[in-house]
Structures are given as C-alpha cells and as structure tokens.
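Heads up, the thing below is written out as structure tokens.
The values are calculated or read from the model by the stated rules, or taken from the named source; none is laboratory data. Computed from a predicted model, the values in this text were never measured in an experiment. Cβ: placed from backbone, ideal geometry, glycine included. Neighbour counts: every protein chain shown.
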Amino acid sequence: MERWHGLAEVPTGWGAPGGCVVTIGFFDGVHQGHRRVVRRAVELARERGAAAVAVTFDPHPTEVIRPGTHPPLLSTPDHRADLLESVGVDAVLVLPFTLELSKLSPEEFVKQVLVDRLHTVGVVVGENFRFGHRASGSVADLIELGARYGFTTEGLPLAAPEDGAQPRFSSTDVRRMVLDGDVEAAARCLGRPHRVEGTVVHGAQRGREMGFPTANVETPPHTAIPADGVYAGWLVVGGRPLPAAISVGTNPTFDGTQRTVEAYAIGRTDLELYGEHVAVDFLARIRGQEKFDSMESLVKRMNQDVEEAQALLENTAG
C-alpha cells in the first residue's frame, strides 16, 4: 500500500488509467462505521478498475481551528493507516491540516485534492460529511461538484451497532467509553480492542522489585487513555501480542502524581524493552485504582489481578 504525507508526495499520474475512488474523513479509530464506508469505496474502485484511496488529516482539525480543543485520539496516524490498509485501500493520503487548508472553499478543495492530484472518478463518504471552509460543503455539494468535474458521489447512511446501544457508530462515543474505562464497549464499536502506543521509558521500577516488571509506556500527546485502573490485555512487541496485566494511574500507594500506562507481560521477566516502540491493547477492566496501606497488601492484590487477567485472556483465546 502507498502512504503519502501531503499532496506533493502523490506521484504524478498515480492511479491511471482508471483514476481513483476516494473516501475522506479523519477516521479516528477506524471504527465499524468508518470501515463500512471504506469497504464501499474499495468495492466501487474494484468495479471501476480504479485505485481506492483514503484521505485523512493530521493533526485533528479542531486543534488548528480552535487551539486547545484537541480531542483524545483513538489512533496514531500510523495505526490509522494500518487499519485503513486492512480494509483494502490501495493508498492513504494524510493531508497536513493547516489554516491554509481550512480556508479552502468546497470547490477549491475538490479541485486541488480530488481532481488535479488524485484524478478522482468516485467519492464515498458518510451522509453527514462536511468539508471546505467552515465545513460549508455537504454531500449535496459534492454531488454537484462531481457532476461538474467528472466523478460520482455516494453519501452512505451512518451505520449503527446491532445491539441498539447507540444511534450510530461515533468516534466521540468511543472516546467517552475509553475515558470511562469501558474498554469492552469500545471494542464492540471498534471491532477490536482499543490500543495505545508509545515508547518504553524508565520508571520507578517498583514493579520489578515486587516481581512484576512492567513496560512503562510513554504515549504521544492527546492519546485516549482508559480510566485509572487495572486491565487485562496484550503488550504488543514487534507485532507479537503478549498476554498482559495493565495498570493505568498515578500509583497512589506510593503517593504518585504522574499518570502512567504500565503493562506486565504475564510470566515474563526477561524482556528488555527500554527505547522500543510498543502497543498496549485493552481487553477488559478488572478493577479501579486503589491505594493500599502496605506493600504486602499491594503485592497480594497484584497477584490476584494477574490471575484474573490471565483467566480473561485464556477465555478470549478459547
């Protein structure tokens, strides 16, 4: 799959002779609603002998338009591209979201991005899609512009969970679930466990002293981190998932103040991960954060947490 950062990286004439079918959105988390739209774009591209391209943005538009309002993010740009690739697109174009880009009119956006660079023959978006300066462009505008510039437009109805828990799939709702610690509900909307990523850094090493050496994961700014507590999940190292018990919080037993994400790969004391980029996937919440009155009571509870995490993971694997 091709990955481009900015229009300048798109090779001249890419997608010829069939052109491109394009889907556009921020696609944070690439939840099941997003996947439905992207799958339709891929299907249409195959029908027309065209290339399927997903256009997304970085950073989140709100951070540029209203600085300081950046929402917690469900996926890094690289993970977002991986997820889009898994749906079948041939290329991902990440457009740097700048003030200049935000000021393009709907027609200027269509002309510069879709027509001049991607040679678009079809566009597939959700029915609530907005674009252009002050989000003034709608699906109806895309249809009209497509008729002028030679591409078709499909605005798909928004997909909803089968259990009826929400009226539609929404990144905003998934963020709320994650921040509430309801990672199981988040996983149902995402179609997979919620993931945080980062570099393993040195911590206080108290876990190692207690027999539970953890990877202290320093996450990028604006990462959507689950509520404080203990979780079952996986520590993903070099693409390999290792069963893990995960702690999120400030370590109140030791009067900590800095919030951390720490993952203990169950049964592993031989891992040396400092400086490595790893991922942590959250399966289920075991308990909330607690402050213990002694080291002994903490270690006892940690052993119980590990046992519960292992049981949950074994049931998932089975």
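Summed over region 94-147, the residues that are farther than 25 Å from Gly49 by Cβ, basic (Lys, Arg) and in contact (Cβ under 8 Å) with a residue 24 or more places away in the chain give a count of 1. For region 3-35, a residue qualifies if it is more than 12 Å from Val123 (Cα to Cα), under 24 Å from the mean Cα position of the chain (by Cα) and crowded, with 17+ Cβ neighbours inside 10 Å, and the qualifying residues are Trp4, Val10, Phe26, Phe27, Asp28, Gly29, Val30, His31, Gln32, Gly33, His34, Arg35. Scanning region 76-117 for residues that are over 25 Å from the mean Cα position of the chain (by Cα) and farther than 24 Å from Ala147 by Cα yields a single hit, Glu100. Here is the figure for region 18-51: residues that are in contact (Cβ under 8 Å) with a residue 60 or more places away in the chain and in a strand (DSSP E or B) total 5.
Go through the residues of region 52-70 one by one and say whether even a single one is within 20 Å of Ala160 (Cβ to Cβ) and of a type in the set (Lys, Arg). Before you say what the answer is, go through the steps one by one.
Our first condition is that a residue be within 20 Å of Ala160 (Cβ to Cβ); within region 52-70, this holds for none.
No, because not a single residue in region 52-70 is within 20 Å of Ala160 (Cβ to Cβ) and of a type in the set (Lys, Arg).
Scanning region 84-105 for residues that are more than 16 Å from Arg3 (Cα to Cα) and either outside the structural domain of His31 (by TED's automatic domain parsing) or in a loop (DSSP other than H, G, I, E, B) (or both) gives Phe97, Thr98, Lys103, Leu104, Ser105. Taken over region 267-304, the criterion of being touching a Phe, Trp or Tyr at 6+ places or on another chain (Cβ under 9 Å) and crowded, with 17+ Cβ neighbours inside 10 Å is satisfied by Ala279, Val280, Asp281, Phe282, Leu283, Ala284, Arg285, Ile286, Leu298, Met302. Candidates Gly181, Gly249, Gly211, Gly233: the one that is over 14 Å from the mean Cα position of the chain (by Cα), of a type outside the set (Asp, Glu), more than 15 Å from Val278 (Cα to Cα) and modelled with pLDDT of 95 or more is Gly181.
Phe57 - would you say it is closer than 26 Å to Ile225 by Cα, of a type outside the set (Gly, Ala, Ser), in a loop (DSSP other than H, G, I, E, B) and touching a residue at least 24 places away in the same chain (Cβ under 8 Å)? Here the answer is no, as Phe57 does not meet what is asked. Arg39 versus (1) closer than 23 Å to Ala140 by Cβ; (2) at pLDDT 95 or above: which is the lone unmet condition? Every listed condition holds for Arg39 apart from (1).
Output the residue which, of all residues in region 65-80 that are at pLDDT 90 or above and not polar (S, T, N, Q), is farthest from Asp173 (Cα to Cα). Spell out the reasoning first.
The initial filter retains those residues of region 65-80 that are at pLDDT 90 or above, namely 71-80.
Applying the additional criterion that residues be not polar (S, T, N, Q) yields 71-74, 77-80.
Values: Pro71: 12, Pro72: 12, Leu73: 12, Leu74: 11, Pro77: 20, Asp78: 22, His79: 20, Arg80: 18 Å.
Looking at residues that are at pLDDT 90 or above and not polar (S, T, N, Q), I get Asp78.
Set side by side, the residues Thr153, Thr199, Thr120 differ, and just one is among the hydroxyl-bearing types (Ser, Thr, Tyr), within 25 Å of the chain's Cα centre (by Cα) and modelled with pLDDT of 95 or more, which is Thr199.
Candidates in region 252-293 are the residues that are charged (D, E, K, R) and closer than 23 Å to Leu179 by Cβ; of these, the one that is modelled with the lowest pLDDT is Lys291.
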